[in-house]
Amino acid sequence: MQFGASFSLEKLQISDLVAIKRIGFDFAEFYINEFWTDLEELKLQLIAVRDIMDSYDLFSVIHLPHLNTSLILENDLWTNYIDRMSEQIAVIGQIGITNTFVFHGVFGRSEDPDDLSSKKIDKSKDLAIIEWLNTAQKYQMKLLLENTDESVNDLKPVFQRHKDLDFVFDIGHANILFHNSKHKTADDKIYSMLDSFRKKIKHIHIHDNLGGYNESSDKHLPLGTGIINFTKFFTKLREMNYTKTVTIEIPNPKYQTIYLKASFKVLKEILIEISQ
């Protein structure tokens, strides 16, 4: 497996990349703000980041914003948003900084407005995914959907409708049941997703939390400071022969390097333990 650390592209410092290289990470995952309107500015920043990453022998994953359901209420806003993201995907493809995009689809209904039907919402999101897939494929890049509030049953029809769409499994999100979850326990949700989508999983996000039933429970804590059993999780990944990428997601600018270093140490100890 290859391991990465996540950063906001807007707040990125060169020292962040130096730090993760010294810690032992293989790549960085960058979050792009959805309201980045100056494509030339985005292009210049990405070129600079690409060149620095190359000099440190690191590679990149790009994380797009999630498909914000509330924007569907305003057709012009929604259309502009989808078009802007397509333009950003194209710019990134031209630069060649990554071959993998991640986004949140939020198909679990937790943020859907009451005055919109789930059928209309899914249709709008499906059209956006098709557009993003087509743009990404034009530049030989992959588009991956990350679980947020969804259960296994929420995600199955999405992947059935989009055969070229692959999966980012986020264990921290799966550890939160949300009010509409069909799973009885967080463990049931986590391992049902791994079993159901094992052929679709191309990337993984890890971070810790204390469980819960809504988005406020998504604390993105360092590994070992919450209740998630990462030894059990990585044992399962080993049984699945998963050898792809894993990002540690701890968005805490003040202590991020400290938390990343501590989490990476915990991770390495777990990997040594399960290999014996």
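Restricting attention to segment 238-276 and to residues that are aromatic (Phe, Trp, Tyr) and surrounded by fewer than 19 Cβ atoms within 10 Å (Cβ to Cβ), the residue that is nearest to PHE7 (Cα to Cα) turns out to be TYR255. Counting only residues that are surrounded by 19 or more Cβ atoms within 10 Å (Cβ to Cβ), not hydrophobic (A, V, I, L, M, F, W, C) and not in a loop (DSSP other than H, G, I, E, B), segment 82-107 holds 5 of them. Screening SER110, SER151 for residues that are more than 28 Å from GLY93 (Cβ to Cβ), polar (S, T, N, Q) and either modelled with pLDDT of 95 or more or in contact with a Lys or Arg (Cβ under 7 Å, 6 or more places away or on another chain) (or both) leaves exactly one candidate, SER151. Being acidic (Asp, Glu) and part of a helix (DSSP H, G or I) holds for only one residue in GLU111, GLU131, and it is GLU131.
LYS189 meets the stated requirement of being among the basic types (Lys, Arg), assigned to a helix (DSSP H, G or I) and touching a His at 6+ places or on another chain (Cβ under 8 Å).
Confirm whether PRO157 is touching a residue at least 40 places away in the same chain (Cβ under 8 Å) and exposed (fewer than 14 other Cβ atoms within 10 Å of the Cβ). Against the criterion (touching a residue at least 40 places away in the same chain (Cβ under 8 Å) and exposed (fewer than 14 other Cβ atoms within 10 Å of the Cβ)), PRO157 does not qualify.
Considering HIS205, HIS183, the condition of being at pLDDT below 95, outside any helix (DSSP H, G or I) and not polar (S, T, N, Q) is satisfied by HIS183 alone. SER110 falls short of the stated requirement of being under 24 Å from HIS173 (Cα atoms), surrounded by 16 or more Cβ atoms within 10 Å (Cβ to Cβ) and touching a Gly at 6+ places or on another chain (Cβ under 9 Å). Inside segment 50-81, residues that are assigned to a helix (DSSP H, G or I), within 24 Å of LYS21 (Cα to Cα) and either in contact (Cβ under 8 Å) with a residue 40 or more places away in the chain or of a type in the set (D, E, K, R) (or both) make up a count of 4.
The values are calculated or read from the model by the stated rules, or taken from the named source; none is laboratory data. Quick caveat, the model's predicted, so the values are computed rather than measured. Cβ: placed from backbone, ideal geometry, glycine included. Neighbour counts: every protein chain shown.
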